[in-house]
1. Could you check the stretch 1-20 and list, in sequence order, the residues that are among the polar types (S, T, N, Q), touching a Lys or Arg at 6+ places or on another chain (Cβ under 6 Å) and modelled with pLDDT of 90 or more?
2. Only one of these conditions is not met by R114: (1) buried (at least 21 other Cβ atoms within 10 Å of the Cβ); (2) in a loop (DSSP other than H, G, I, E, B). Which number is it?
3. Might you check whether a residue that is surrounded by 10 or more Cβ atoms within 10 Å (Cβ to Cβ), touching a helix residue (DSSP H, G or I) at 6+ places or on another chain (Cβ under 8 Å), among the small types (G, A, S) and closer than 21 Å to L10 by Cβ occurs anywhere in the stretch 173-184?
4. In this structure, does T31 turn out to be touching a Lys or Arg at 6+ places or on another chain (Cβ under 6 Å) and either surrounded by 13 or more Cβ atoms within 10 Å (Cβ to Cβ) or assigned to a helix (DSSP H, G or I) (or both)?
5. Out of the residues in the stretch 105-135 that are out of contact with any Lys or Arg (no Cβ under 8 Å at 6 or more places or on another chain) and among the charged types (D, E, K, R), state the one that is modelled with the lowest pLDDT.
6. Might you check whether a residue that is farther than 13 Å from G17 by Cα, part of a helix (DSSP H, G or I) and under 17 Å from the mean Cα position of the chain (by Cα) occurs anywhere in the stretch 124-138?
7. Taking the stretch 21-42 on its own, how many of its residues are modelled with pLDDT under 95, aromatic (F, W, Y) and farther than 22 Å from R85 by Cα?
8. Can we say A94 is touching a residue at least 12 places away in the same chain (Cβ under 8 Å) and under 23 Å from E185 (Cα atoms)?
Amino acid sequence: MQRRGLLIILSSPSGAGKSTLARRLRDWDPTLGFSVSATTRAPRAGEVDGADYHFVSEERFKHLVAEGEMLEHARVFENYYGSPRGPVAEATDAGRDVLFDVDWQGAQQISNSRMADQVLSIFILPPSIRELRRRLEGRAQDSAEVIEKRMLKSWDEISHWDGYDYVLVNDDLDATEAQLKIIIEAERLRRSQQPWLVDHVRALQAEFEEGT
């Protein structure tokens, strides 16, 4: 009676609470995996292959893309980044969900990939643009220039809200977390995620016919 795992996509503009919510979800369900990206850039000091990133050559990366083995990918400056399908498929075949922290373009690619029927996409909106700015400034992690760049980018990200299965307004972190858990638990019960049901119904049918 093992279900198939979900590909859970979380997207939002920076400062809307996505990273905090992702961390809370993983605390709630320790079996929830996180997609480890592949990259063509060189490892930095302390980074571990397979844990921080899958480090591959540009030739290998392009081969994986050509073979449909990248669920999503993009070029950032001089390097390529993407989500390999293999480890994700291995996890979902074992009944484990995998979490993706990607932008709308990555979400779109995953939703159009070979694993599209297992995708659960959720977009997190801020309660207001003023509150979004307040949160970015309150983190005290970025310079004023970086914050302005994030704010300018936020509208482009928000404009793609209607491409997701669910959209939540994060005006209360605890309430949004509770809503996320409800969504995930319901989607885990989706008929398409329960491949064992086909054999179960056939067994019921056989039992019924034997009894009549």
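The values are calculated or read from the model by the stated rules, or taken from the named source; none is laboratory data. What you are looking at is a predicted structure, and each value in this text was computed from that prediction instead of being measured. Glycine also receives a Cβ, built like all others from the backbone with ideal geometry; neighbour counts cover every protein chain displayed.
1. S12
2. Every listed condition holds for R114 apart from (1).
3. No, the conditions are met nowhere in the stretch 173-184.
4. No, not satisfied.
5. Of everything passing the filter in the stretch 105-135, R135 is modelled with the lowest pLDDT.
6. no
7. 0
8. yes
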